[in-house]
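Input: a single structure, listed below in C-alpha cells.
The values are calculated or read from the model by the stated rules, or taken from the named source; none is laboratory data. Bear in mind the structure is a predicted one, so any value in this text is a computation, not a measurement. Reconstructed Cβ throughout: ideal geometry from the backbone, glycine too, with neighbour counts over all protein chains shown. Areas reflect the complete protein model, heavy atoms only, side chains present, ligands, DNA and RNA absent. Shrake-Rupley method; radii C 1.70, N 1.55, O 1.52, S 1.80 Å.
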Amino acid sequence: MNVQLSTVSDSRKNLIVTLDKSEVDAEHQAVLGEYVRQARLPGFRPGKAPAALVIKKFAKEIAEEFKQKVVTKAYRSALEKEKLDVLNVVSVDEGKIEATAPATITVTVDVRPDFT
C-alpha cells in the first residue's frame, strides 16, 4: 500500500492511496467467502453452494460490498499511516476497482488546522 498526502489548503488534504493487486484480491476473496458461507441456494445446504453459482446469483451485491470494503480499508490505513485529525470527508474518488487489478482511491478530507 502506498499513501501520498497532498495539501490543498491549511485545512484540506488529499490522500491518494494505491493498493496492490494482492491486497485488492484478498479483499475480494474475503467478501466472496462471506457470501458463499451465508448463501442459501435451492438444492444446496447452507454454506455448501459452489462459488460460481453464488457469484452468478449475487454478482451485484458482491461487487458493491467489495468496493465498499476496499475504500474503507484504504481510508483507514491512510489515516493510521498519516495520523490526521479528520473533521470531515469531503469526497471519495474510487476510480476503477476490480479484483484482478491494483486500485487507486483518492479521498479529500478536512482536517483541524495547526495554530501557532
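Some points to look at:
- Condition broken by V92, with the remaining ones in (1) in a helix (DSSP H, G or I); (2) under 16 Å from T104 (Cβ atoms); (3) touching a helix residue (DSSP H, G or I) at 6+ places or on another chain (Cβ under 9 Å); (4) β-branched (V, I, T) satisfied: (1)
- Filtered residues of segment 66-80 (kept if surrounded by 15 or more Cβ atoms within 10 Å (Cβ to Cβ) and more than 18 Å from A101 (Cβ to Cβ)): Y75, S77, A78, L79
- Residue check: R12 meets all listed conditions (1) in contact with an Asp or Glu (Cβ under 8 Å, 6 or more places away or on another chain); (2) open to solvent by 70 Å² or more (accessible area, probe 1.4 Å); (3) more than 14 Å from V109 (Cα to Cα) but one, namely (3).
- Residues being among the small types (G, A, S) and surrounded by fewer than 17 Cβ atoms within 10 Å (Cβ to Cβ) - total across segment 81-116: 3
- Restricting the first member to segment 75-100 and to residues that are within 16 Å of D10 (Cα to Cα) and in contact (Cβ under 8 Å) with a residue 12 or more places away in the chain, and the second to residues that are hydrophobic (A, V, I, L, M, F, W, C) and open to solvent by 60 Å² or more (accessible area, probe 1.4 Å), the beta-carbon pairs closer than 9 Å and six or more apart or on different chains are E82/L5; L84/L5.
- All positions within segment 101-116 that are in contact (Cβ under 8 Å) with a residue 24 or more places away in the chain and of a type in the set (V, I, T): T104, I105, T106, V107, T108, V109, V111
- Here A78 meets the list (1) under 17 Å from M1 (Cβ atoms); (2) modelled with pLDDT of 90 or more almost entirely, failing just condition (2).
- Looking only at segment 55-74, residues that are hydrophobic (A, V, I, L, M, F, W, C) and either in contact with a His (Cβ under 7 Å, 6 or more places away or on another chain) or free of Cβ contacts under 8 Å to residues at least 12 places away in the same chain (or both) come to 3 in all.
- Taken over segment 95-116, the criterion of being among the acidic types (D, E) and assigned to a loop (DSSP other than H, G, I, E, B) is satisfied by E98, D114.
- Members of segment 27-50 that are open to solvent by less than 60 Å² (accessible area, probe 1.4 Å) and part of a helix (DSSP H, G or I): E27, H28, A30, V31, L32, G33, E34, Y35, V36
- Out of V3, V70, sole residue that is out of contact with any Gly (no Cβ under 8 Å at 6 or more places or on another chain) and at pLDDT below 90: V3
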